[in-house]
Amino acid sequence: MRLRNVPGSREEIARSRYVVQEDVMKEKRGHWNEVFGNDHPLYIEVGMGKGKFIAELAGRHPEYNFVGIEKYSSVLVRAVKKREEQPDLENLLFLRMDAEELPEVFGTEEVAGIYLNFSDPWPKDRHAKRRLPSREFLARYDKILAKDGRVEFKTDNRGLFEFALEEAKEAGWTLEACTFDLHNDEEMVQGNIMTEYEERFSGMGQAICKMVIRR
Ligand code: SAM
């Protein structure tokens with residue numbers, strides 16, 4: 001994602017009641033149910049960008065809790081602004097953090113499911129371990145994901161998708177569902193929520209790939 005510094009974004013995030021702040025988020029490890037005040041299953045989106053997908057998902061599923069994770073304040077602030085227009089959405093919070101720290105923020109098996117949407121491709125081989133569906137990240141997801149939990153990954157980037165399939169196999173995960181053309185896959189497209197990037201790339205005629213994996 002091209003990044004533009006948004007003046008005041010850090011301050012706005014620091015003020016927001018929808019963001020669990022960096023100085024306390026690790027204290028919530030294993031206690032996210034208390035943060036939400038219920039014992040609903042918790043789903044997270046890693047690299048959520050401006051948050052359209054997770055906000056829509058949270059609206060559809062009041063019976064679950066959702067945490068949207070984004071590394072950059074300048075991007076997260078857009079999700080926060082939108083969130084402020086939806087005060088009735090009680091089941092959605094945000095974290096500004098690098099996903100490398102996930103196991104320090106969520107406890108063992110605390111997360112019911114993980115969404116990765118249009119993750120940055122990091123095309124250079126030497127950066128492969130920064131890719132969110134890499135084996136290094138799968139090992140982090142393994143620590144926090146419930147036994148029967150799934151990781152769902154969507155992208156328009158065929159190379160990244162093939163890398164993700166290979167990484168999941170190498171790491172011993174089971175491929176539960178897979179399509180190279182989500183929008184024309186009658187079964188997998190059911191209930192699909194378009195992300196910002198998905199709207200942009202499918203609008204340009206690009207096919208969207210999706211996989212669902214579990215251990
Ligand atoms: N998921 C959104 C969508 O589909 O429209 C945004 C896609 S954008 C290409 C990828 C996002 O992931 C960026 O906002 C980026 O800052 C975030 N990101 C990349 N690596 C991350 C990491 N290690 N931890 C948290 N967020 C990350």
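Annotation: amide H of Ile208 within the under-5 Å range of Leu182, His183, sequence separation 5 or more or interchain, hydrogens built in the peptide plane.
If you average the C-alpha positions of the range 1-53 and of the range 161-215 separately, how far apart do those two centres end up, in angstrom? Taking the Cα centre of the range 161-215 as reference, the centre of the range 1-53 is 25 Å away. A P(r) calculated from all alpha carbon pairs of the chain, with 10 Å bins opening at zero, reads 8, 35, 39, 17, 1 percent. Using only the alpha-carbon atoms, how far is helix 135-144 inclined from the longest principal axis of the chain? Give it as 0 to 90 degrees, nearest 10. Orientation of helix 135-144: about 50 degrees from the principal axis. The angle separating the long axis of helix 158-170 from the principal Cα axis of greatest extent in the chain is about 90 degrees. Starting from the Cα gyration tensor of the range 113-212, take the square roots of the eigenvalues, sort them a ≥ b ≥ c, and report rounded, prolate or oblate (rounded when a/c is under 1.5, otherwise prolate if a/b is larger than b/c, else oblate). Verdict is oblate for the range 113-212. Dipole size of the chain about its Cα centre, with +1 on Lys/Arg Cβ and -1 on Asp/Glu Cβ: approximately 720 debye, rounded to the nearest 20. The DSSP beta bridges internal to the chain are antiparallel in roughly 30% of cases. Can you find, among Val77, Asn38, Val111, the residue sitting farthest towards the positive end of the charge dipole of the range 19-214, where Lys and Arg contribute +1 and Asp and Glu -1 at Cβ? Value: Val77.
For Val35 and Glu63, compute 0.36 nm times the residue count separating them, minus their Cα-Cα distance, and round to one decimal in nm. Can you show the working numbers first?
Details: separation 28, 0.36 × 28 = 10.08 nm, distance 1.51 nm.
Difference between extended and current length: 8.6 nm.
May I ask you to list the trypsin sites (Lys or Arg not before Pro) in the range 52-154 that are in a DSSP loop and have at most 12 other Cβ atoms within 10 Å of their Cβ?
Numbers: sites: Lys52, Arg60, Lys71, Arg78, Lys81, Lys82, Arg83, Arg96, Lys124, Arg126, Lys129, Arg130, Arg131, Arg135, Arg140, Lys143, Lys147, Arg150, Lys154; in loops: Lys71, Lys124, Arg131.
Loop-located and lightly packed - Lys124.
The residue list Tyr64, Gly149, Leu165 was ranked by how far each Cα lies along the charge dipole of the chain toward its positive end, using unit charges on Cβ atoms, and Leu165 comes out on top. In this structure, the residue pairs whose Cα-Cα separation is over 22 Å, taken from Lys28/Lys50; Lys124/Lys154; Lys169/Lys210; Lys52/Lys129; Lys81/Lys154, are Lys28/Lys50; Lys52/Lys129; Lys81/Lys154.
Every number in this text was worked out from the coordinates using simple rules, so none of it is lab data. Remember, predicted model here, so these are calculated numbers, not experimental data. Cβ coordinates were reconstructed from backbone atoms using ideal geometry, including for glycine residues, and neighbour counts include every protein chain displayed.
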